[in-house]
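The values are calculated or read from the model by the stated rules, or taken from the named source; none is laboratory data. Everything numeric in this text was worked out from a predicted model, so none of it was measured. Every residue, glycine among them, receives a Cβ derived from its backbone with ideal geometry; neighbour counts consider all protein chains shown.
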Amino acid sequence: MRYELVIFDNDGVLVDSEPISNTILAGYLTELGHPTSYEESLRDYMGSAVHRVHDLVEERGGEKLPADFDDTLHSRIFAAFQRELEPVPGVQEVLGELVADGIPYCVASSSSHERIRVSHHRTGLDQWFEEEWIFSAEDVGRGKPAPDLFLLAAERMGVAPERCVVIEDSPLGVEAARAAGMDVYGFTSMMPADRLAGVTGHFSDMGQLRELLA
């Protein structure tokens, strides 16, 4: 393999959480008087940290979201995760092959550490990730599309950015990876390939990713 570190996004790449979280986010914003469809939530917020929701709502409507917005949103999402969340099909096979080949990997996500841990515990992915292999937008000043999170992951894992490859499913994540000077493969299970511009390659199922990384 030509890469020395594989950096996975979490939501939509490791765990099938994007339909759940964006349905809840769109409904909650609409409930608060900011009408948002599921499709608009995917377009505007998929792959971003929650501060982007605050910024866009205030920019567009001139008012701030409630002080307890984050806590309420996360509690609703966590409850839904416990009922519905599943790992992305085939991802455990990919992780198993990386382990067998001795290729380091980690996760770098716009989600909070708590949300990542909850999703991994629910789906059984916690067995594949040591705590020190998990990086969150909470760890940096700027989330995606800034490159900070991916650069932090590479630094902590001891690998030069140009020797890393990022696995992403959102335009913001792809932009962040490219800004970090890393190759990036775009997962098109939810996002059309033309929305993931500038990637090293596209794939639509994890079996294809195993071939790309071989």
Looking only at segment 17-29, and only at residues there that are under 14 Å from V118 (Cβ atoms) and in contact (Cβ under 8 Å) with a residue 60 or more places away in the chain, the one that is surrounded by the most Cβ atoms within 10 Å (Cβ to Cβ): S17
Close pairs from segment 43-63: first without any contact (Cβ under 8 Å) to a residue 60 or more places away in the chain, partner β-branched (V, I, T), Cβ under 6 Å, at least 6 apart: Y45/V53
Scan of segment 71-81 for residues that are touching a residue at least 40 places away in the same chain (Cβ under 8 Å) and either in contact with a Gly (Cβ under 8 Å, 6 or more places away or on another chain) or loosely packed, with under 12 Cβ neighbours inside 10 Å (or both), ordered by number: none
Where S170 falls short, out of the listed (1) loosely packed, with under 15 Cβ neighbours inside 10 Å; (2) closer than 23 Å to Y45 by Cα; (3) in contact (Cβ under 8 Å) with a residue 60 or more places away in the chain; (4) not β-branched (V, I, T): (1)
Extreme residue, farthest from the chain's Cα centre (by Cα), among residues of segment 32-54 that are acidic (D, E) and surrounded by 11 or more Cβ atoms within 10 Å (Cβ to Cβ): E40
Any hit, segment 60-80, residues being over 15 Å from the mean Cα position of the chain (by Cα), at positive phi and not assigned by TED's automatic domain parsing to the domain that holds H121: yes
